[in-house]
Amino acid sequence: MKIKGYFSTVLFFIVCIFDIPLFAMDLTLQWDTNSEKNLAGYKIFSRVDGQSYDYVNPAWEATIDELEDPDAPTGYIYDLGDNISYCFVVRAFNTQGEDSADSNEVKYVPISNDSPVADAGEDQEVYEGDTVFLTGLSSYDNDGIISNYFWEQIEGIPVQLSEEIAMEPNFTAPYIEEIPENLVFELMVTDNNGLQNIDTVTIIVKPLVEPVEIPGDINGNGVKDSADLAIIIANRGKPITDNNYKCDIDQDGDIDNYDVLAWRRL
């Protein structure tokens, strides 16, 4: 019995796409069954859009016994190139090894997917002991959504992030010596199609500088001058309070002329 040159009910379509970005694409294809009694199996042929089919080497082939469900023939195409358009036809073959003509052709056109853009924020200058906030809030994806944020320290004194998988983690700036320390963090963002992008941010940690107290600097402006002397004179005879205790230069519990003389000797 000669196999039909076409499918009695032609229906050939893509059932499922399993796409691994940057690696390969897998397709599941399905079609209506043939009704010939001597039907032996099916072959799927593929071609890159713009090229011809190679009918000698099918992309997939299976006998009726090898099909998962002979009443719903299904074939699988693996490891197709990413971002490439493909066309497919299926042929039935009989027990004599004769092929049918091509089914209707189906075409797969990949949907363009741009990588997301990671933005780890502006570089920061902080002091040791400060709570530092990192942010990937300005990261974006033009044709989808960002589904994952991952932070990793790649340089500097190790610190403990509050979370590694988060949009905005934080940490405590470490205590350092006299020289500022650079801490560099890398942010990797992943979009809903699995594409990734990275950005880095530098946190400059500076040491805390203890204020140097200048003797005789009553008003705290960093210099000893006549303005300080005027404050002492204005406070002579007044009780010592939290506001004028610096005027008691000789620390005898009183603000008097002896404090004026002691200030002059500083």
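Observations on the structure shown:
- Taking (1) free of Cβ contacts under 8 Å to residues at least 60 places away in the same chain; (2) crowded, with 16+ Cβ neighbours inside 10 Å; (3) assigned to a strand (DSSP E or B); (4) not charged (D, E, K, R) in turn, Val205 satisfies each apart from (1).
- Residue match in the stretch 109-131 (condition: of a type in the set (A, V, I, L, M, F, W, C) and without any contact (Cβ under 8 Å) to a residue 12 or more places away in the chain): yes
- Checked against (1) outside any strand (DSSP E or B); (2) surrounded by fewer than 16 Cβ atoms within 10 Å (Cβ to Cβ); (3) out of contact with any Gly (no Cβ under 6 Å at 6 or more places or on another chain), Asp79 passes all but condition (1).
- Looking only at the stretch 1-55, residues that are among the β-branched types (Val, Ile, Thr) and either modelled with pLDDT of 50 or more or touching a Pro at 6+ places or on another chain (Cβ under 7 Å) (or both) come to 4 in all.
- Filtered residues of the stretch 224-237 (kept if part of a loop (DSSP other than H, G, I, E, B) and either exposed (fewer than 12 other Cβ atoms within 10 Å of the Cβ) or polar (S, T, N, Q) (or both)): Asn235, Gly237
The values are calculated or read from the model by the stated rules, or taken from the named source; none is laboratory data. Everything quoted here is computed from the prediction, not taken from an experiment. Heads up, the Cβs are rebuilt from the backbone with ideal geometry, glycines too, and the neighbour counts pull from every protein chain shown.
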